[in-house]
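The values are calculated or read from the model by the stated rules, or taken from the named source; none is laboratory data. Just so it is clear, the model here is predicted, and its values are computed rather than measured. Please note: Cβ atoms are built from the backbone with ideal geometry, for glycine as well, and neighbour counts cover all protein chains shown. When the accessible area is computed, the model is the full protein with side chains, heavy atoms only, and any ligands, DNA or RNA have been set aside. Shrake-Rupley method; radii C 1.70, N 1.55, O 1.52, S 1.80 Å.
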Amino acid sequence: MTNTVVVSAKDVCKSFHDGTRTLQILQQVSLTIHRGEQVAILGRSGSGKSTLLHILGGLLRLDEGRVFIAGNEMSRASVTDQGRIRNQSMGFVYQFHHLLPEFSALENVAMPLWIRGGIGTKEGRKRASALLELMDLTARAKHYPHQLSGGEKQRVAVARALVGSPAVVLGDEITGNLDVENAERVLQLIVSVQKELSTAFVLVTHDQAVARRMDRRLWLDRGALRPYDE
């Protein structure tokens, strides 16, 4: 890990309106993530963990505050610039893998590079193959999602998030649909890949086993973020 800041959120506020009621979800939340750091964000259901993750990724507009990703301001960027920042500096992994069913595991991993442009089919496949090897999935590279197990699909999703060498990967309950064995395998691979690529991970989770593997644990409650004490 270095002192390079890859995620900086300052005084983030977000509320939702339901008729005459206003529900304050985030209240002046600030967060700094350094290159290579692994951070878990925990909290009760409905506390705003996913909301915070979506704001960091530019998928949801904040009410107040500012968010910077790899030195680029996400919170006030245009939709086009937000897409560029996401494609160049971020990766996403969700509880459901969201793989494209008509493409092989290798093609799913390479897809972000082909969408970005400037990288040919051969180079994209080469980079995707290298990551599938790190994920212990070389033998499954030509298989389609319906031919993969749940754990294999999620490892493909992690590889896809990493293929563009992002500064940070945001993960939302990435082991939520996995059994204990597969969840542990995904976590071991994340730790291994992090050491190899120095990519930061910010993982929203309810799973204490996931949280304990991270460098830092934070608790989101009543709109505020604080260090987590078990």
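A few notes on this one:
- Among strands (runs of 3 or more DSSP E) entirely within segment 3-105, having at least 1 residues that are touching a residue at least 24 places away in the same chain (Cβ under 8 Å) and over 24 Å from R213 (Cα atoms) singles out 5-18, 21-34, 64-69.
- Scope segment 129-150; condition touching a residue at least 12 places away in the same chain (Cβ under 8 Å), on the phi < 0 side of the Ramachandran plot and either open to solvent by 80 Å² or more (accessible area, probe 1.4 Å) or not aliphatic (A, V, I, L, M) (or both); matching residues: S129, R140, K142, H143, Y144, P145, H146, S149, G150
- All positions within segment 208-217 that are more than 16 Å from the chain's Cα centre (by Cα) and not basic (K, R): Q208, A209
- Some residue of segment 20-29 being of a type outside the set (K, R) and within 19 Å of the chain's Cα centre (by Cα): yes
- Residue match in segment 175-196 (condition: of a type in the set (A, V, I, L, M), in a helix (DSSP H, G or I) and modelled with pLDDT of 90 or more): no
- Extreme residue, most open to solvent (accessible area, probe 1.4 Å), among residues of segment 19-35 that are closer than 30 Å to L187 by Cβ and not hydrophobic (A, V, I, L, M, F, W, C): R35
- Within segment 212-225, the set of residues being in a loop (DSSP other than H, G, I, E, B) and either of a type outside the set (K, R) or at pLDDT 90 or above (or both) comprises M214, D215, G223.
- Of the residues making up segment 197-211, those that are open to solvent by less than 10 Å² (accessible area, probe 1.4 Å), touching a helix residue (DSSP H, G or I) at 6+ places or on another chain (Cβ under 9 Å) and not in a strand (DSSP E or B) are T199, T205, V210.
- Subset of segment 101-118 [open to solvent by 70 Å² or more (accessible area, probe 1.4 Å) and within 20 Å of Q154 (Cβ to Cβ)]: P101, E102
- Considering segment 197-211, and only residues there that are farther than 18 Å from G43 by Cα and of a type in the set (S, T, Y), the residue that is modelled with the lowest pLDDT turns out to be S198.
- Just one of the listed residues (K153, K126) is part of a helix (DSSP H, G or I) and without any contact (Cβ under 8 Å) to a residue 12 or more places away in the chain, namely K126.
- Looking across segment 36-49 at every residue that is modelled with pLDDT under 90 and of a type in the set (G, A, S), the one that is surrounded by the fewest Cβ atoms within 10 Å (Cβ to Cβ) is identified as S45.
- Of the residues L187, L178, the single one that is without any contact (Cβ under 8 Å) to a residue 40 or more places away in the chain, open to solvent by less than 10 Å² (accessible area, probe 1.4 Å) and of a type in the set (A, V, I, L, M, F, W, C) is L187.
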